[in-house]
Each structure stands twice: as C-alpha cells, then as structure tokens.
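Working notes for the structure below.
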C-alpha cells in the first residue's frame, strides 16, 4: 500500500469505535519503554507527566539506562525487548520505542503484533520497506500510534496552514528547510579499523540486531579529526554508542533523517504534499559507510488541485538558503523553514514584509490547537482523536525523508513510483528501499 493510501486510512476511523484495548479516561495507561538511555530518558518523563504509568523499562545497556532506572525505581527492568514483551504482555497497554533507527521496526512491529498501542521516536524506520510494514501493522492492529516529531498541530503549524490558506504570500512555489545537524561525528571515509573491548553490561550483538555484524569500536582516538568535523558535536568521541549511530548508513539516517521529520511536518500539512516527482542530492565527499558532512537535497512536487508545483530544498551541515529580501538581521537562524510565494515570504509562521503581515494579522484562527506529543498519544489511547503524527498519517513525511537519504546514498536522482514501491530511473537504488535484515532477523 502506498504512503498516501496509508495516510488516508486512519483519518476515516474514529478511535472511539475501536473498543477493545483502549483505556478508560479514569485509568493511567501502562507503558513498557524500550530504549531509555538516550532520548528515551526525557520521553519517559514526558509520558509520565502526560498521564501514563511507566510500568517497565528495557535497554541493552544498563549503564547508559541507569539515570532512567533511577527515575522509575518501581518499574521492572529488562535487557531484551522480546523477553519484556513476553513477560509484560498482560500488564501493559502501550510500548514506547527509543532505540537507534535500525531497530525501530523490529521493536515497533513486535509491539503492534502484540496488540499494544505504540509510540516511536523519529524517524519511524530506516527504510521504506520497514515503514510500510509498520504502518500496515498499525492499521491491522487498530491501536493508537504516535511518532515523536515536532507537531504540525500546535500553534505554529496551525497558523502556517491558516495564513497560507488565506493567501498571505500567494501561491507557494518554493520552500527551504535547513538544519544545523549533524551534531555528532560524521563524514568518516571508512568504518573503524580497530576493535575495542565491549563494556561490561552492554550487549553489542543485541545493539546490532538486524544490521551487519561488525566489530565493536568504543571511541575515536584522540588524534582523529572525525569528532571535530561536524558543525557541532553533542556525542563526544563515541563511535557508535551512545548517540552517534546517526552518522552511519547501516544504523542511522543522517541529518535528514534526524531532523527532516520534524521540519517537514508543517510544510507537508500546509501545502498538502505527497510523493515528489524527483529528488536530487548534492553533498560533500561521501564514501558510503558514513553520511557526508553536508548535503543539499532538492525535491520537486507536482501540482495538487489548485496548488502550484513546489520545489522544496533541504540543506544541512551549516548550509543555509539565500537570505530573503525582507529579512531583518545579519544572518538566518541555525534552523527553520522559508515559504516563498508569488506575493511574499514567510519564515515559519511569520510574514516577513511588515505591510503584508499587517494586512493578514486578523486571519481567523480556525484550526484546533493540540501539539503536545505525549498528550496526543494519551488522548488516542483513551479512545479519542488520533494523535497528530500517527504512523499511517506520517508515512508520506517518512518517505520524504527516506527518499532524500536514498538520493544521497545512491548518488543519483531518484524518481519513485509509490504504488509499485520502486525507483523507476535507477534500479540499483531499489536495494536501498529494503530492510535487508541479517543475523536471523526478519520483518
């Protein structure tokens, strides 16, 4: 099933009619959180604060997960998510997945097939084949799902929709999205050429999961330039774990995968975008194993009803778009979205031309404001409105990100047929659409 078909399906089914498995508003839905040492630490707290009960925690690195274990001392602890799901099956309503990109699908599919409501960090999957399998499983299970992307249902997202619908800048023909990422080591010409001892309490084979088996490397040598080449480095000298998996093609999806789901969410909603006709990438030197330091990815979208064709340009690694004429200040911020229309320019939800902004300041606020990831998921789990980034809805945005990654990795333009799920102009790239699981794992 294509991404657009998957996205359309859940909007037609009120959650309140689904019945079994949904939690009464008077009860706290119980959660098994898997992958809680990194971003899972803050997400479990947000889930608790929203109204969930954190019942059990799972991480293959108990040293890294210790700070989260301390937050929830009553929660039962596991290392293997399969054991956790098996033993917690009748005690939990929901599963949260905060593992690295390459294991999102195996964890989330296991949760959905067990009939559990599911929330996964972005990007939902590392490949399009995995994404479609997960979205279909979510529809089959009839459960409440959510992705931890920046919502398009908050004030900024709703206001962008209202202003563009009111013609605030005329027909939008170009969009620029840029990000300061990567903020981890990236750009290495090879995988590590050395092997380090595996730290006590860390299961390297479990961390690899369905990815190719490679030796463990702990930290980059002090003399290595790799940790210092990105615009910023939040992950220190770690090679793969923690945090720095994002820069490797076998485990992550690079800067585009990390931030594209966030920043493209609002443009996709406001401009009713779907599958691009063509995606072309230009990057700094790319060797294959690690994503390049910087990339520029151009997406061309066809007309949608009365909406004009749109060119969307993504840049990362410190590359920003040209400064618009009406911009006040010496430079653009480190991240953001520019909408370029026939009659003006918007930065996020702000019209740059002051006279034009005044003309449209009274555009009515007609869309309901939501925009809190865990609260939206809680509402859906309790049988209410679907979460704003439920799995099927978010599939077109996931495929937007992954088609850009495909263009980067294949080094050729990508023309994708969403119904046949094939790259029409570059058959060799079709292998990159697939999960290609190893070590006995399957979808």
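A few comments on the model shown:
- Region 416-429, residues that are crowded, with 17+ Cβ neighbours inside 10 Å and either part of a loop (DSSP other than H, G, I, E, B) or free of Cβ contacts under 8 Å to residues at least 12 places away in the same chain (or both): 418, 421, 426
- Test result for residue 399, in contact (Cβ under 8 Å) with a residue 60 or more places away in the chain, within 22 Å of the chain's Cα centre (by Cα) and part of a helix (DSSP H, G or I): yes
- Among the candidates 144, 137, residue that is over 22 Å from residue 37 (Cα atoms), at pLDDT 95 or above, crowded, with 24+ Cβ neighbours inside 10 Å and touching a helix residue (DSSP H, G or I) at 6+ places or on another chain (Cβ under 9 Å): 144
- Restricting attention to region 192-216, the residues that are surrounded by fewer than 18 Cβ atoms within 10 Å (Cβ to Cβ), part of a loop (DSSP other than H, G, I, E, B) and on the phi < 0 side of the Ramachandran plot add up to 13.
- So residue 134, is it under 30 Å from residue 423 (Cα atoms) and part of a helix (DSSP H, G or I): yes
- Top-ranked residue of region 93-106 - restricted to ones that are buried (at least 24 other Cβ atoms within 10 Å of the Cβ) and part of a helix (DSSP H, G or I), ranked as nearest to the chain's Cα centre (by Cα): 101
- Considering region 319-347, and only residues there that are touching a residue at least 60 places away in the same chain (Cβ under 8 Å) and within 16 Å of residue 159 (Cβ to Cβ), the residue that is surrounded by the fewest Cβ atoms within 10 Å (Cβ to Cβ) turns out to be 336.
- Residue among 385, 376 that alone is outside any helix (DSSP H, G or I) and either within 18 Å of the chain's Cα centre (by Cα) or in contact (Cβ under 8 Å) with a residue 40 or more places away in the chain (or both): 385
- Any hit, region 258-270, residues being crowded, with 21+ Cβ neighbours inside 10 Å, touching a strand residue (DSSP E or B) at 6+ places or on another chain (Cβ under 7 Å) and farther than 17 Å from residue 338 by Cα: no
- Which listed residue, of 176, 241, is surrounded by 20 or more Cβ atoms within 10 Å (Cβ to Cβ) and either under 30 Å from residue 303 (Cβ atoms) or touching a strand residue (DSSP E or B) at 6+ places or on another chain (Cβ under 6 Å) (or both): 176
- Residue list for region 1-22, filter: over 23 Å from residue 81 (Cα atoms) and either in a loop (DSSP other than H, G, I, E, B) or at pLDDT 75 or above (or both): 1, 2, 3, 9, 13, 14, 18, 19, 20
- When residues of region 147-160 are limited to those that are assigned to a helix (DSSP H, G or I) and out of contact with any helix residue (DSSP H, G or I) (no Cβ under 8 Å at 6 or more places or on another chain), the one farthest from residue 35 (Cα to Cα): 159
- For region 297-318, a residue qualifies if it is assigned to a loop (DSSP other than H, G, I, E, B) and surrounded by fewer than 18 Cβ atoms within 10 Å (Cβ to Cβ), and the qualifying residues are 302, 303, 305, 306, 308, 309, 318.
- Residues within region 37-51 that are out of contact with any strand residue (DSSP E or B) (no Cβ under 8 Å at 6 or more places or on another chain) and either over 16 Å from residue 95 (Cβ atoms) or not in a helix (DSSP H, G or I) (or both), tallied: 6
- Enumeration of residues in region 338-368 that are in contact with a helix residue (DSSP H, G or I) (Cβ under 6 Å, 6 or more places away or on another chain) and not in a loop (DSSP other than H, G, I, E, B): 344, 351
- Residue 122 vs. criteria under 18 Å from the mean Cα position of the chain (by Cα) and within 14 Å of residue 389 (Cβ to Cβ): yes
The values are calculated or read from the model by the stated rules, or taken from the named source; none is laboratory data. Everything quoted here is computed from the prediction, not taken from an experiment. Reconstructed Cβ throughout: ideal geometry from the backbone, glycine too, with neighbour counts over all protein chains shown.
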